[in-house]
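Just so it is clear, none of the values below were taken in a lab; they were calculated from the coordinates. Keep in mind the model is a prediction, meaning the values are calculated, not measured. Cβ: placed from backbone, ideal geometry, glycine included. Neighbour counts: every protein chain shown.
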Amino acid sequence: MEEQYESGGVRGILHRPGRANGDGIILTHGAGSNCNAPLLSGIARAFEEAGFHVLRYDLPFRQRKGGAPHPAHAARDRAGVVEAAGVMQGLISGRLIASGHSYGGRQSAMAAAENPGMASGLLLFSYPLHPPNKPEQLRTGFFPDLRTPVLFVHGTRDPFASIEELRAQIAAIPARTDVLVVEGAGHDLKRAPGLAGEIIEHMLF
């Protein structure tokens, strides 16, 4: 069951499963999207069917009129991740998974590095390791501080990182990591909702 959710600084769609397994997942979007992105909607419904409480939510930058992510406001977006995690913690008794696509995944991971007890695990779709065609501009400075297990879901045609680049860089993360490779997929990962069962099986946290 889906319902609009808005409380405090958290705004989005809450999915309540018919048969709850006690676990929950919070999902957020990339820089050019919002919580209604097809990827998030598809993943949310698949996880709901598997028994998860799901909150897909807008980051603070998206809640501003004409908002766009800006480095100066990234800390506020991370605070939004932590606030969404708090909402979900109040609904479940089991694991909390923090998840996001691209920019949303990056901010979720940085929030977890800054708040080690925030989530049991991270599920990151199309992590933007570097800007397209700029492999020297790595977004990995916090990786050594990330102590939350991570599953990366990544396409083989993603211009923000090749599978080889991603695997080389995540070696710096001291927590357990895994990469679920989506053959032929680009940064939008259109096929990911159809892989939800495989994604859930890979989440060893």
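Points worth noting:
- Net charge over other residues, Cβ less than 13 angstrom from the Cβ of Leu195 (K, R count +1; D, E count -1): -1
- Charge context of Gly186, other residues only, Cβ under 11 angstrom, K/R +1, D/E -1: +1
- Of all DSSP beta bridges confined to the chain, the antiparallel ones make up roughly 30%.
- By the beta-carbon count within 10 Å of each Cβ, the least crowded to most crowded order of Met88, Met1, fewest first, is Met1, Met88.
- Whole-angstrom gap from the range 34-56 to the range 105-140, using each part's C-alpha centre: 20 Å
- Calculated Rg and Dmax of the Cα atoms in Å (choose from (1) 15.4, 47; (2) 16.7, 54; (3) 17.0, 49), label: (1)
- Computed [θ] at 222 nm, helices only, for the chain once each DSSP H run of length n ≥ 4 contributes -39500 (n - 2.57): -8500 deg cm²/dmol
- Within the listed set Arg11, Arg19, Arg176, the residue fluctuating most in the Gaussian network model of the chain (springs between alpha-carbon atoms under 10 angstrom) is Arg19.
- The GluC sites (Glu not before Pro) of the range 78-148 meeting both criteria, a DSSP state outside H, G, I, E and B (loop) and at most 10 other C-beta atoms within 10 angstrom of the site's C-beta, are Glu136.
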